[in-house]
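Colleague: Encoded as structure tokens, here's the structure I'll be asking about.
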Amino acid sequence: MSADKLSSVSKEVKPESMSLYPLGTAAAPEQELLCIFGTGDLGRSLGQRLLHSGYRVVYGSRRPHSCGPLPQGAQAMSHEAAAQSASLVFLCIHREHYDFLETLAPQLQGKVLVDVSNNLKKNLYPEANAECLQRLIPGAYVVKAFNTLSAWALQNGPSDANRQVYLCGNGAEAKQAVAEVATKLGFAALDRGSLSAAKELEDFPLQLFPEWRMPLYVAVGLTAFIFVYVVIRDVVYAYVEQGEDNSFRIMVSLANKVFPIVSLIMLSLCYLPGVIAGFIQLYRGTKYRRFPDWLDRWMLCRKQLGLVALGFAFLHMVYTLIIPIRYVTGAPYYFKNNRTSVFDTTTAWRSDSYYSMGILGFGLFLLLGITSLPSVSNALSWREFSFIQSKLGYLTVFFCTFHTYLYGWDKFLRTYKWYMPPAYMLSLVLPSVLIVLKLLLLLPCVDRSLTRIRQGWERTDTQDGSEKPLLT
């Protein structure tokens, strides 16, 4: 009886104990082998990233035994052998060296060829590099991809670099294979259609600050206008009406008037489109209609507007620190003219408040700039990012505007020259309008309606007398 019990217990325990063995003895899946033509910086960086992501990598080279240092774990062989060993081949070579690929047409038949090349300038060739490659090897499936990434981005991964990989090609399965590789590397693959879009993808890296053009144009235009304005008002007027030569003030004092004015106006331009969008949604009663094109373009460059404004604010801070040194070096001028003033408590309060608002505004301005960096914004939740960029952003506008009002104090109606108001008054128009419009949107009745619209509610259609919502 005891033997039977032991045998029955062993039969019950045996299946559980045996189920652990296959886990330790199962063979690991074989890693996919990928081929790279080209052992330059981009080819080596791509190979290193592929190895870290679990792929096997083989390089095709004209001199496999003397092609320079390769990532650890990769091997080099001739182009013919490397092309035969893998079903997906990355071409990290320039278009000028495509000629040898015609001799490899039999080995590349049915392969997926990923073209990562770029040109030195636009319209250098009548057709895109990828289209030329497809013409040279018609039996292969050419996909344009990874050309918008640099060697540095591939080495450091997508955390601090561009997360998107654009691709295009005529074969759906080929594009899917490349998209899977990009996803495994940590990037987001965006399909741009057929191979006819390759020329557009090749022009992406050649664009010089495309998202910064409008902000820079606005900054240059504002700077030129405000600079001419203050020169006419403070230098030309003094020379014509009073016979004084104040041209020495152009380099520091007048420049320090221009920088904060441009900074405050551009900061207001950064937040004004969001307020305009809110009023448009209230007027339309829906969030499902597109904004005007000019507003769309304006909203897309808000980050660049804010960063340029931060740059001008930083220049204002530096020049403000330099001005006391300039006054010390120019002390004989002030002693000669016996320029002294009597201490006044009201003026002291105004001066301290003026500096305090400026310091607080600049500190929040720096916080906005730091959180706009991809490495910082990626570490924040959407609620945290929205709180800093929206609520603290409007608080920054308020502090900087109040700082400017304290600067003007009681000089708003008594310092006109040639009927020209002081330059700082020009900078107060836009932020003052922005603050008033934002306060209107914060009214409970208005904020409640705008919140409902942004949550999906739509105004009912009253034209036909129906009370049914447009969105059901």
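Colleague: One quarter of the convex hull surface, Cα atoms only: what value does that give for the chain in nm²?
Modeller: Values: hull surface 180.4 nm².
Directional mean of the projected Cα hull area for the chain stands at 45.1 nm².
Colleague: For the range 238-289 and the range 357-417, what is the separation of their C-alpha centers, rounded to whole Å?
Modeller: Using only Cα atoms, the two centres lie 14 Å from each other.
Colleague: Between ALA81 and GLU32, what length comes free when the chain is fully extended (0.36 nm per residue of separation minus the Cα-Cα distance, one decimal in nm)?
Modeller: 16.0 nm
Colleague: Let me ask something additional. Treat the range 210-454 as a sphere of radius equal to its Kirkwood radius over Cα pairs and apply Stokes-Einstein at 4 °C in a medium of 1.567 mPa s; give the translational diffusion coefficient in µm²/s, rounded to a whole number.
Modeller: Translational diffusion coefficient: 64 µm²/s.
Colleague: Which stretch or stretches of the range 285-324 have amide N atoms under 13 Å from the point lying 7 Å from LEU366's Cα along the Cα→Cβ direction?
Modeller: 314-315, 317-318
Colleague: Divide, for the range 30-206, the radius of gyration over alpha carbons by 2.2 N^0.38 Å, where N is the residue count.
Modeller: 0.94
Colleague: Now for a different question. What order do THR223, THR183 take when sorted by accessible area (1.4 Å probe), most exposed first?
Modeller: On the way: THR223 35, THR183 90 Å².
My answer, sorted largest first, is THR183, THR223.
Colleague: Percent antiparallel among DSSP beta bridges with both residues in the range 30-206, to the nearest 5? Before the final figure, lay out each step's value.
Modeller: Details: 3 of 26 bridges.
Antiparallel: roughly 10 percent of the beta bridges in the range 30-206.
Colleague: If R0 is 45 Å, what FRET efficiency do you get for HIS97 and VAL318 from their C-beta distance, rounded to 0.05?
Modeller: 0.35
Colleague: Right, here's the next one. Determine the dipole magnitude for the range 30-108: charges of +1 sit on the beta-carbon of Lys and Arg, -1 on that of Asp and Glu, nothing else is charged, the reference point is the Cα centre, and the result goes in debye to the nearest 20.
Modeller: Using Cβ point charges on Lys, Arg, Asp and Glu, the range 30-108 gives about 220 debye.
Colleague: Then there's this: Using 0.36 nm times the number of residues separating ARG213 and ILE280, minus their current alpha carbon distance, what extension gain do you get?
Modeller: Values: separation 67, 0.36 × 67 = 24.12 nm, distance 2.60 nm.
Residue separation times 0.36 nm, minus the Cα-Cα distance, leaves 21.5 nm.
Colleague: Something else about it: How many Å² of accessible area per residue for the chain, probe 1.4 Å?
Modeller: Details: 27590 Å² over 472 residues.
Heavy-atom SASA per residue in the chain reads 58 Å².
Colleague: Probe 1.4 Å, all protein chains in place: accessible area of PHE362 in Å², nearest 10?
Modeller: Here the residue's solvent-accessible area equals roughly 40 Å².
Colleague: Quick one: work out the % antiparallel among DSSP beta bridges in the chain, nearest 5.
Modeller: Numbers: 4 of 27 bridges.
The antiparallel proportion sits near 15 percent.
Colleague: Another question, then. What part of the accessible area of the chain, given as a whole %, is carbon or sulfur when the probe is 1.4 angstrom?
Modeller: The computed percentage sits at 60.
Colleague: How much of ARG302 can a 1.4 Å solvent probe reach, expressed as accessible area in Å² and rounded to 10?
Modeller: Near enough 80 Å² of accessible area.
Colleague: Rounded to the nearest 0.05, what FRET efficiency do TYR237 and LEU120 give with R0 = 45 Å and r taken as the Cβ-Cβ distance? Could you check? Write out the running numbers ahead of the final one.
Modeller: Details: r = 51 Å, r/R0 = 1.14.
The computed FRET efficiency comes out at 0.30.
Colleague: Turning to a different aspect of this structure: Using heavy-atom solvent-accessible surface (probe 1.4 Å) with all chains present, what is the largest-first order of TYR283, TYR239, TYR288?
Modeller: TYR283, TYR239, TYR288
Colleague: Residues of the range 194-233 with amide nitrogen under 20 Å from the 7 Å Cα-to-Cβ point of TRP418?
Modeller: 222-233
Colleague: Right, something else. Estimate the FRET efficiency between VAL228 and TRP294 by the formula 1/(1 + (r/R0)^6), using the beta-carbon distance for r and 25 Å for R0, to the nearest 0.05.
Modeller: Given R0 = 25 Å and the Cβ-Cβ separation, E is 0.40.
Colleague: So between SER377 and ARG62, what do we pick up on full extension, going 0.36 nm a residue minus the alpha carbon distance?
Modeller: Roughly 109.0 nm would be gained on extension.
The values are calculated or read from the model by the stated rules, or taken from the named source; none is laboratory data. Since the structure is predicted, the reported quantities are computational estimates derived from the model, not experimental observations. Cβ atoms come from the backbone with ideal geometry, glycine included; neighbour counts cover every protein chain shown. Calculation scope for accessible area: heavy atoms of the full protein, side chains included, ligands and nucleic acids excluded. Shrake-Rupley method; radii C 1.70, N 1.55, O 1.52, S 1.80 Å.
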